[in-house]
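Asks: Can you keep this structure in mind? I'll have questions shortly.
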Amino acid sequence: TAKCVDILTAGFAKFPTNNYILGDLISVYFETNEDPVKVLELVKSAQANDPNSAILVYVEGEALKSLGRLQDAIAAFHKAGEIDPNYIFAPFAEGSAYYDWAVEIQNQAQLEMDDAKYNALLEKMEAALNSAAAPFERAFEISQDQEIKVACAEYLKNIFFRQREKSEEGKAKYEKYNSFVENAGI
């Protein structure tokens, strides 16, 4: 892997506008999970050559997420989806980031002994889950891949499970996605 990074880095130094070399270099850094700051630098270099690439903005989001900059990552995923509304990974990653954030908040709430703080964390968790729903629904609608649709429906089923007793809309969406998962056959 180290040799691969060396070769790709040398290639990128010689051909700084070659997005194939840069893409491979970014992929190696992601696979090794070695240096998200370096990935972010490389992505910024690539974006100078191709500022309207949804894939590069998505990769920027992944790098930001790995650096713990969740809100910036969510914004990048959202922007990638705006650049290319059919790029399935953008809304899926946006929804996933919100969902992961909700799980983090839920874990914090489970440790909280103060009722007021616990309830505040639950409200924050609900807001994160609600924010996850729209991107997952967008990904579900545009996906042509059955496995991705099932993954989106699983997330959505879990999100709307909490809302099914609060509103008719929540109940209908829970039933829609639950039925999809049950009938998917995967």
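The values are calculated or read from the model by the stated rules, or taken from the named source; none is laboratory data. Quick caveat: nothing in here was measured; it's all calculated off a predicted structure. Ideal geometry is used to build each Cβ from the backbone, glycine not excepted, and the neighbour counts take in all protein chains shown. For the accessible areas, the whole protein counts, side chains as well, though only heavy atoms, and no ligand, DNA or RNA atoms are used. Shrake-Rupley method; radii C 1.70, N 1.55, O 1.52, S 1.80 Å.
Asks: Filter region 87-135 for residues that are within 10 Å of the chain's Cα centre (by Cα) and either farther than 20 Å from residue 151 by Cα or hydroxyl-bearing (Ser, Thr, Tyr) (or both) and give the result.
Replies: Initial filter on region 87-135 (within 10 Å of the chain's Cα centre (by Cα)): 89-100, 132, 135.
Of everything in region 87-135, those that are within 10 Å of the chain's Cα centre (by Cα) and either farther than 20 Å from residue 151 by Cα or hydroxyl-bearing (Ser, Thr, Tyr) (or both) turn out to be 96, 98, 99.
Asks: Within region 117-126, can you find the residues that are surrounded by fewer than 16 Cβ atoms within 10 Å (Cβ to Cβ) and under 18 Å from residue 164 (Cβ atoms)?
Replies: The answer is 122, and nothing else.
Asks: Then there's this: Assess whether residue 37 counts as being open to solvent by less than 30 Å² (accessible area, probe 1.4 Å) and either free of Cβ contacts under 8 Å to residues at least 60 places away in the same chain or out of contact with any His (no Cβ under 7 Å at 6 or more places or on another chain) (or both). Quick ask: steps written out before the conclusion?
Replies: On the way: open to solvent by less than 30 Å² (accessible area, probe 1.4 Å): no; either free of Cβ contacts under 8 Å to residues at least 60 places away in the same chain or out of contact with any His (no Cβ under 7 Å at 6 or more places or on another chain) (or both): yes.
In short, no.
Asks: Among the residues of region 174-186, what is the count of those that are touching a residue at least 40 places away in the same chain (Cβ under 8 Å) and either polar (S, T, N, Q) or buried (at least 17 other Cβ atoms within 10 Å of the Cβ) (or both)? Please lay out each step first, then the result.
Replies: In the first step, residues of region 174-186 are kept if they are touching a residue at least 40 places away in the same chain (Cβ under 8 Å); the result is 186.
The next check asks that each one be either polar (S, T, N, Q) or buried (at least 17 other Cβ atoms within 10 Å of the Cβ) (or both); those that pass are none.
Matching residues across region 174-186 total 0.
Asks: Working only within region 25-34, note down all residues that are assigned to a loop (DSSP other than H, G, I, E, B) and either in contact with a strand residue (DSSP E or B) (Cβ under 6 Å, 6 or more places away or on another chain) or free of Cβ contacts under 8 Å to residues at least 24 places away in the same chain (or both). Spell out how you get there, then give the answer.
Replies: First, pick out the residues of region 25-34 that are assigned to a loop (DSSP other than H, G, I, E, B): 33-34.
Selection gives 34 alone.
Asks: Another question, if that's okay. One residue is enough: does region 101-111 have a residue meeting the conditions within 23 Å of residue 61 (Cα to Cα), open to solvent by less than 50 Å² (accessible area, probe 1.4 Å), in contact with a Leu (Cβ under 9 Å, 6 or more places away or on another chain) and not small (Gly, Ala, Ser)?
Replies: Checked against the condition, which is being within 23 Å of residue 61 (Cα to Cα), open to solvent by less than 50 Å² (accessible area, probe 1.4 Å), in contact with a Leu (Cβ under 9 Å, 6 or more places away or on another chain) and not small (Gly, Ala, Ser), region 101-111 yields at least one hit.
Asks: Which numbered condition trips up residue 85, out of (1) within 21 Å of residue 136 (Cβ to Cβ); (2) assigned to a helix (DSSP H, G or I)?
Replies: The failed condition is (2).
Asks: Please go through region 137-176 and give me each residue that is among the hydroxyl-bearing types (Ser, Thr, Tyr) and under 16 Å from the mean Cα position of the chain (by Cα), ordered by number. Don't jump to the end; show me each part of the working.
Replies: Taking region 137-176 and keeping what is among the hydroxyl-bearing types (Ser, Thr, Tyr), we get 143, 155, 167, 174.
Of everything in region 137-176, those that are among the hydroxyl-bearing types (Ser, Thr, Tyr) and under 16 Å from the mean Cα position of the chain (by Cα) turn out to be 143, 155.
Asks: Is one or more of the residues making up region 45-56 of a type in the set (D, E, K, R), part of a helix (DSSP H, G or I) and open to solvent by 20 Å² or more (accessible area, probe 1.4 Å)?
Replies: Our first condition is that a residue be of a type in the set (D, E, K, R); within region 45-56, this holds for 50.
From what is left, the residues that are part of a helix (DSSP H, G or I) are none.
Within region 45-56 (the criterion being of a type in the set (D, E, K, R), part of a helix (DSSP H, G or I) and open to solvent by 20 Å² or more (accessible area, probe 1.4 Å)), the answer is no, since none of the residues qualifies.
Asks: Checking residue 3 against (1) open to solvent by less than 70 Å² (accessible area, probe 1.4 Å); (2) more than 26 Å from residue 127 (Cα to Cα), only one condition comes out false. Which one?
Replies: Here residue 3 clears every test but (1).
Asks: For residues that are open to solvent by less than 60 Å² (accessible area, probe 1.4 Å) and more than 23 Å from the chain's Cα centre (by Cα), tally how many sit in region 20-34.
Replies: Keep residues of region 20-34 that are open to solvent by less than 60 Å² (accessible area, probe 1.4 Å), which gives 21-23, 25-29, 32.
If we keep only those that are more than 23 Å from the chain's Cα centre (by Cα) too, we end up with 21.
The qualifying residues number 1.
Asks: Looking only at region 74-100, count how many residues are closer than 16 Å to residue 63 by Cα and open to solvent by 70 Å² or more (accessible area, probe 1.4 Å).
Replies: Here the count works out to 3.
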